[in-house]
Amino acid sequence: MPLKVRAAVAYAAGKPLEVTDVALDGPRAGEVLVEIKATGICHTDEFTLSGADPEGLFPAILGHEGAGIVVEVGPDVSSVKKGDHVIPLYIPECRQCPSCLSRKTNLCTAIRTTQGQGVMPDGTSRFSIDGRKLHHYMGCSTFANFTVLPEIAVAKIRDDAPFDKVCYIGCGVTTGIGAVINTAKVERGAKAIVFGLGGIGLNVIQGLRLAGADMIIGVDLNPDKKAWGERFGMTHFVNPNEVGGDLVAHLVDMTKSGADQIGGADYTFECVGNVKLMRAALESCHRGWGQSIIIGVAGSGQEIATRPFQLVTGRVWRGTAFGGARGRSDVPKIVDWYMAGKIAIDPMITHTMPLAEINKAFDLMRDGKSIRSVVVY
Ligand code: NAD
Ligand code: 022
Ligand code: ZN
């Protein structure tokens, strides 16, 4: 008998989610059944729901930023057991595929194809409604109070961590902090610029503070973000609307130092998804060594541009997915950092609501009124 679970179903692009009962089949070999206790709402969920994602599948159960408890394990599961607290991983960590073995990337390929097709690794879905199949989403589907996940796509975490806070580690926190520590490998004393101070950029800022950066410049069009940035370690704020003249020239000027008075940041981070801003972020880097990390996801079909001279003179353009984190190894450590008070999460969770109000979380995100909304089951 399938389980009856409460879920927010995305029936079609551009329509609000519908909260209803759906059927969930139990875990098969290598899979676990997880009771989701809390989930964050992130831009990718909106990107897919809006219809802007060309790979979006409907009907589906969205959500990829959750935390919960293992309630049942399928055959051949060895790394987690019933009762374990876990965070679902939209990038799994199998530790066996060529990518995992390379140690050069976190982009595990073990279940990549089926995950993109909205099904479990055996090619089938565990979710249905009235006999009609529902797609899984990013391998997680956390907009349901129970979900089935491959064993390699859950990180086991300590059991004293609050679900309604650590769910954010399932995407935003790890992406921002990981981009600083894993991707850029920022060193003490560095100068950095963060473009976009939302749920990702603020986590980049706290990652930079953790790494010991000296100068942390935040850039945002919204003047309210000055106070937000300062709360997490930002040392300077720039509102592009208040810069008389060229933004890049202004930022380069702010970062001038040394006998040669050449400006530019050691590291810049694009946390918006705007291709023009990606160019500004690259060109605000120091010649010879500055690195610009792209975190923001741009709309499909968008392209970035710069003059080759920018790269010839040693600037580096890079991107990062999930902050370069290997989920099963790194996520439990970030939970420990939170529990030890090394990083903050609570103030960034500006809204908490029951599943019935999940569409409000999307409205708040679209209107720029929230940093993060969390649904508690
Ligand atoms: P957000 O909406 O909370 O924040 C965006 C911020 O950018 C806002 O404060 C807004 O005022 C500011 N902004 C918008 N246009 C600007 C401009 N032209 N100049 C300066 N500031 C500007 O979004 P978020 O949750 O922080 O997510 C940011 C991006 O990161 C999204 O594209 C999201 O999809 C992406 N993301 C990527 C990964 C990854 O693994 N690469 C993971 C999570 C999120
Ligand atoms: C999460 N993201 C944005 C906001 N929250 C996000 C979106 C996409 C990726 C990472 C984070 C991403 C980067 C590279 C890939 N994806 C491809 C990974 C690969 O091919 O190995 C990505 C991921 C999952 C899915 C699609 C694209 C999916 O499950 N549909 C990680
Ligand atoms: Zn996300």
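Structure values in brief
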read-out: Residue within the stretch 255-273 that is within 10 Å of ligand 1 (Cβ to nearest atom), closer than 23 Å to Asp346 by Cβ and outside any strand (DSSP E or B) present; value: yes
read-out: Any chance Ala155 is part of a loop (DSSP other than H, G, I, E, B), under 28 Å from Arg95 (Cβ atoms) and of a type outside the set (Asp, Glu); value: no
read-out: Residues located in the stretch 129-151, provided they are aliphatic (A, V, I, L, M) and surrounded by 23 or more Cβ atoms within 10 Å (Cβ to Cβ); value: Leu134, Met138, Ala144, Val148, Leu149
read-out: Residues that are β-branched (Val, Ile, Thr), assigned to a helix (DSSP H, G or I) and away from ligand 2 (no atom under 14 Å from the Cβ), drawn from the stretch 180-192; value: Val180, Ile181
read-out: Long-range neighbours under 7 Å by Cβ, at least six apart or interchain, first residue within 9 Å of ligand 3 (Cβ to nearest atom) within the stretch 36-60, second in a helix (DSSP H, G or I) and at pLDDT below 95; value: none
read-out: From the options Ile205, Ile177, Ile169, residue that is assigned to a helix (DSSP H, G or I), buried (at least 24 other Cβ atoms within 10 Å of the Cβ) and without any contact (Cβ under 8 Å) to a residue 60 or more places away in the chain; value: Ile205
read-out: Residue count, the stretch 1-22 (criterion: part of a loop (DSSP other than H, G, I, E, B) and touching a Pro at 6+ places or on another chain (Cβ under 9 Å)); value: 2
read-out: Exclusive hit being at positive phi and surrounded by 23 or more Cβ atoms within 10 Å (Cβ to Cβ), set Gly63, Gly40; value: Gly63
read-out: Qualifying residue in the stretch 221-234 (condition: touching a Lys or Arg at 6+ places or on another chain (Cβ under 6 Å) and aromatic (Phe, Trp, Tyr)); value: no
read-out: Qualifying residue in the stretch 362-377 (condition: within 16 Å of ligand 3 (Cβ to nearest atom), surrounded by fewer than 15 Cβ atoms within 10 Å (Cβ to Cβ) and at pLDDT 95 or above); value: yes
read-out: Number of the exception - Met278 against (1) without any contact (Cβ under 8 Å) to a residue 60 or more places away in the chain; (2) surrounded by fewer than 23 Cβ atoms within 10 Å (Cβ to Cβ); (3) not in a loop (DSSP other than H, G, I, E, B); value: (2)
read-out: Asn241 among the polar types (S, T, N, Q) and free of Cβ contacts under 8 Å to residues at least 60 places away in the same chain; value: yes
read-out: Checking Asp159 against (1) farther than 19 Å from Val86 by Cα; (2) in contact with a strand residue (DSSP E or B) (Cβ under 8 Å, 6 or more places away or on another chain); (3) surrounded by fewer than 20 Cβ atoms within 10 Å (Cβ to Cβ), the condition it does not meet; value: (1)
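The values are calculated or read from the model by the stated rules, or taken from the named source; none is laboratory data. Being a predicted model, the structure only gives us computed values, none of them experimental. Cβ atoms come from the backbone with ideal geometry, glycine included; neighbour counts cover every protein chain shown.
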